[in-house]
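The values are calculated or read from the model by the stated rules, or taken from the named source; none is laboratory data. None of these values were measured; they are calculated from a predicted model. Here the Cβ positions follow ideal geometry from the backbone for every residue, glycine too, while neighbour counts run over all protein chains shown.
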Amino acid sequence: MKQIWLTLLTILALAVASTQAVSWPSRPIRAIVPYTAGSGTDVTARVILNQLSRELGQSIVVENRVGAGGTIGTAAVAKADPDGYTILVQSSALTIAPAIYQNLTYDTERDLVAVAPLGISPNVLIISPSRGIKTVHELVSAAKAKSFTFASAGVGTNTHLSAARFRLQVSKPFTFPSKVARKQSPR
């Protein structure tokens, strides 16, 4: 864990030193998390950035800018001044978005620079106990037999794509229940 702090601090310091003559950070840093408060990405960001704030001796304000599979918050960071005072804490959806969204207002490779990985978060398959399904095999059989509904963190997120892959493996369409997600326009 200490290695992550040292790597993150070194990279941030080098990036900012090349663009500023004054010591950094001389004012609070804004960290945008493009997911809801309490999500895995948000909790990870808050834990790590709290410690980083103590190390730097400067406030880091977390702002949740949600929507469109994380692309709204990511766009805000991509458009921000490249002065080291606006950072993004994103999931792997960052790498997926260009492949599924036609009209991104940013270019992931041109407008953003990766600084450090902050963690690994596995996906978990969960089903209501009232269904009486106890194994993946039983779930596959049930999914093939009748309509199936799944939920995820949003279009293009890891949980969405994992469920889509599962759907392809069982050759059965799923229903995605969120009205918000249906309004999003992935490719």
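Quick notes
- Scope segment 83-114; condition surrounded by 15 or more Cβ atoms within 10 Å (Cβ to Cβ) and of a type in the set (A, V, I, L, M, F, W, C); matching residues: 87, 88, 89, 93, 94, 96, 97, 100, 104, 112
- Every test in (1) in a helix (DSSP H, G or I); (2) loosely packed, with under 13 Cβ neighbours inside 10 Å; (3) in the same structural domain as residue 158 (by TED's automatic domain parsing) is passed by residue 139 save one, and that test is (2).
Conditions tested, residue by residue: (1) under 24 Å from residue 48 (Cα atoms); (2) assigned to a helix (DSSP H, G or I); (3) touching a strand residue (DSSP E or B) at 6+ places or on another chain (Cβ under 6 Å); (4) at pLDDT 85 or above.
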| position | (1), (2), (3), (4) |
| --- | --- |
| 81 | yes, no, no, yes |
| 84 | yes, no, no, yes |
| 94 | yes, yes, no, yes |
| 98 | no, yes, no, yes |
| 104 | no, no, no, yes |
| 122 | yes, no, no, no |
| 155 | no, no, yes, no |
| 169 | no, yes, no, no |
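- Counted residues, segment 24-79 - those being at negative phi and in a loop (DSSP other than H, G, I, E, B): 14
- Only a single item in (1) farther than 15 Å from residue 118 by Cβ; (2) modelled with pLDDT of 90 or more is not met by residue 35, and it is number (1).
- Residue in segment 14-24 that is among the polar types (S, T, N, Q), closer than 17 Å to residue 90 by Cα and modelled with pLDDT under 95 present: no
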